[in-house]
Amino acid sequence: MTNEFKVDAPPELRLEAAGFHLASLEEDHSIIYLLGPDLRIIYCNKAWDEFASANGGVGLNRDAVIGRRILDVIAEPLKAFYENGFAQAQKAMRPWEYDYECSSRELFRLFHMRVLPLASSYLLVENSIKIERPHGS
């Protein structure tokens, strides 16, 4: 990562300055998004839209969530947990990782979340599938 992380730059340039390639993020199968210091969603990759569409996430495509706080799209019982995790990553400047279940009616899914702190309290969040199988398999 470079020290040229410009907070007033467009999200694409912020990501590039932090050492990430936008084209690679867009094609990644993991759900990846960038949060600002205030936990507002600045960028979501194509996998965000695909997951929302496949799982009935009405009104949760990336065009609808850009600019919203990530906590606004997290269910109430989990907000404090995620807020603490994000704050921990920002304050300590160390990755925060967590495994969680996000199953559908048809599939059991276990995800791994990795929150990478960037300069100026920005966070890059990656959610990758560890296990995906039909229920009962």
Cα-based helix-to-principal-axis angle, 76-92 vs the chain, degrees rounded to 10: 30 degrees
Around H135: net Lys/Arg minus Asp/Glu count, Cβ-Cβ under 9 Å: +1
Net charge, N45 excluded, C-beta distance under 11 Å - Lys, Arg +1, Asp, Glu -1: -4
Radius 14 Å from Cβ of I70, net charge of other residues (Lys, Arg +1; Asp, Glu -1): 0
Volume per residue of the C-alpha convex hull in the chain, rounded to whole Å³: 110 Å³
Estimated 222 nm signal from helices in the chain, with DSSP H stretches of n ≥ 4 weighted -39500 (n - 2.57), rounded to 500: -8500 deg cm²/dmol
Nearest-20 debye value, the chain charge dipole, Cβ charges on Lys, Arg, Asp, Glu: 320 debye
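Quick note: the coordinates plus some simple rules give every number you see, no bench work behind them. Remember, it's a predicted structure, so these values are computed and weren't measured experimentally. Cβ coordinates were reconstructed from backbone atoms using ideal geometry, including for glycine residues, and neighbour counts include every protein chain displayed.
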